Amino acid sequence: MRKFVFLLLLCSQVGFAQDMEYAREVLNELCSDALAGRGYVDEGDNAAAFYIEQEFKRNDLFAWDYNYYQTFSFPVNTFPENVELIVDGVKLEAGKEFLVEADAPKLTGKFELTHLDALPKIAPSGRMVDSTASYKGIVVIADSLIAKLPPSIRTSLLHGMKKAGAKGVIRVTDAKLTWTVSKQQAPLAQLTVKREAWNEKSTGVEVSIKPEFQKKHRTQNVLAFVEGSQHPDKFIVFTAHYDHLGKMGKDVIFRGANDNASGVAMLLNLAKHFATPEFQPSYSMAFIAFAGEEPGLEGSLYYVQNPIFPLSDIRFLINLDILGTGNDGITVVNGAVHETEFDALKAINDENGYLTEVKKRGKAAISDHYPFSEAGVPCFYIYTMGGIQAYHDVYDVPETLPLSEFADIFKLLTDFVARL
Ligand SMILES: [Zn+2]
């Protein structure tokens, strides 16, 4: 008897350790140099898709029509060449001391500087209200004046500055550097520079930005399924975007450990679990790794317009994006929309004491659940709260991602779908 109990204990511990080990393995692989930040330089997103496909195959998941890929394309501005900013002969460190805004057009050369203390007045057409204003070289302005402008107003501002002679804009910031991905190019290149790296007395800079605008970047969602034992025609769907921001030049990699290698690690963990015969689910289960989330939910929008099986066959969908911490619990977007399911999720958590908090939130167009939600598919989007603050920057790396509540979230999710 004692021997039996000991064995059981050993088995459950081995099972648990394997899950975390696999999570770390996936996380490290997705954040590796070879996958180039899962973006648009060095085919990073395509390398990531190939890796996920191999994992689906290795874990014995099926594909629809033997094809794990759903291919589509969108425009994207990319930076295959190193970006450079030299201030008074001092070369600043890309990624840590400055960023080139994701929508920057080409800008190279030496420039004098025009310092502005306030925004110029701009008509909606982009015409400067003060028609006598004339700028030389690059305009330098506090980031706080520009950062909160609505995108259309900012574009008007850049048009106006360009007409007045500006060649580019330097935004000096006290905030952390946060990057993004853009599907277009702005009228002027903007560089955001950390205040402590900037020289207020500087009179001239040297810049090199050589973007490559891809009109049709080809990429793909990666999908697989496990057949259910009781309801093979109805699906529970897990989704997580695998793309991140990629690279800004040859050396600066945005690895996106929390956003969203962590969600893909959970997706693959769940896929591996449910593809094991002893854990065959009663509903069929689909696993979708989306491309193109960062430039604007491209993968999920494409999928909802081109579903592989009818959207009405989805019993419930759970989107996983940013699962790397959890010290302060999780937030459930749409928890306030699907109260019955939310109450069940919360009850499971309370019974088992998995997480310190399971918090509900209303609708929010902030991740890949949203196109499904708008199409009438019942869904949640779950993200973790607390812990490290790295986000869309070079510090979001696997080495510092705690995965503190990863095992508990895994248990919460498997318990939850068993009750659906
Ligand atoms: Zn994300």
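The values are calculated or read from the model by the stated rules, or taken from the named source; none is laboratory data. Keep in mind the model is a prediction, meaning the values are calculated, not measured. Every residue, glycine among them, receives a Cβ derived from its backbone with ideal geometry; neighbour counts consider all protein chains shown.
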Contacts under 8 angstrom Cβ, first residue in segment 108-121 being within 14 Å of Leu158 (Cα to Cα) and in contact (Cβ under 8 Å) with a residue 40 or more places away in the chain, partner hydrophobic (A, V, I, L, M, F, W, C) and surrounded by fewer than 16 Cβ atoms within 10 Å (Cβ to Cβ), 6 or more apart
Pro120/Val129
Hits in segment 248-275 (condition: under 22 Å from Arg24 (Cα atoms) and among the basic types (Lys, Arg)):
Arg255, Lys272
Enumerate the pairs (first residue in segment 253-278 and touching a residue at least 24 places away in the same chain (Cβ under 8 Å) and closer than 16 Å to Asp393 by Cα; second residue anywhere and part of a helix (DSSP H, G or I) and aromatic (Phe, Trp, Tyr)) with beta-carbon separation below 8 Å, excluding pairs fewer than 6 apart on the same chain, so at least 6 apart or on different chains.
Ser262/Phe406
Residue within segment 281-291 that is among the polar types (S, T, N, Q), in contact (Cβ under 8 Å) with a residue 12 or more places away in the chain and in contact with a helix residue (DSSP H, G or I) (Cβ under 6 Å, 6 or more places away or on another chain) present
no
Quick check: anything in segment 140-153 under 16 Å from Leu85 (Cβ atoms), over 34 Å from the mean Cα position of the chain (by Cα) and of a type in the set (A, V, I, L, M)?
no
Selection from segment 213-249 of residues that are of a type in the set (Asp, Glu) and touching an Asp or Glu at 6+ places or on another chain (Cβ under 8 Å):
Asp233, Asp243
Return the residues of segment 57-100 that are free of Cβ contacts under 8 Å to residues at least 24 places away in the same chain and of a type in the set (Ser, Thr, Tyr); say none if nothing qualifies.
Tyr66
Scan segment 27-61 residue by residue and report those that are out of contact with any helix residue (DSSP H, G or I) (no Cβ under 8 Å at 6 or more places or on another chain) and either modelled with pLDDT under 95 or part of a helix (DSSP H, G or I) (or both).
Asp33, Asn46, Ala49, Phe50, Glu53, Gln54, Lys57, Arg58
Check Gly299, Gly249 and return the single one that is modelled with pLDDT of 95 or more and within 15 Å of the ligand (Cβ to nearest atom).
Gly299
Segment 272-294, residues that are farther than 12 Å from Gly228 by Cβ, surrounded by fewer than 24 Cβ atoms within 10 Å (Cβ to Cβ) and touching a Phe, Trp or Tyr at 6+ places or on another chain (Cβ under 6 Å):
His273
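Residue-by-condition table, conditions (1) of a type outside the set (Asp, Glu); (2) under 30 Å from Gly168 (Cβ atoms); (3) in contact with a helix residue (DSSP H, G or I) (Cβ under 9 Å, 6 or more places away or on another chain):
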site	(1), (2), (3)
Lys201	yes, yes, no
Ile209	yes, yes, no
Arg218	yes, no, yes
Gln230	yes, no, no
Phe235	yes, no, yes
Thr239	yes, no, yes
Enumerate the strands (runs of 3 or more DSSP E) found wholly within segment 153-234, keeping only those where 1 or more residues are at pLDDT 95 or above and surrounded by fewer than 14 Cβ atoms within 10 Å (Cβ to Cβ).
212-226
Within segment 296-310, the residues that are crowded, with 16+ Cβ neighbours inside 10 Å and in a helix (DSSP H, G or I) are Glu298, Gly299, Ser300, Leu301, Tyr302, Tyr303, Val304
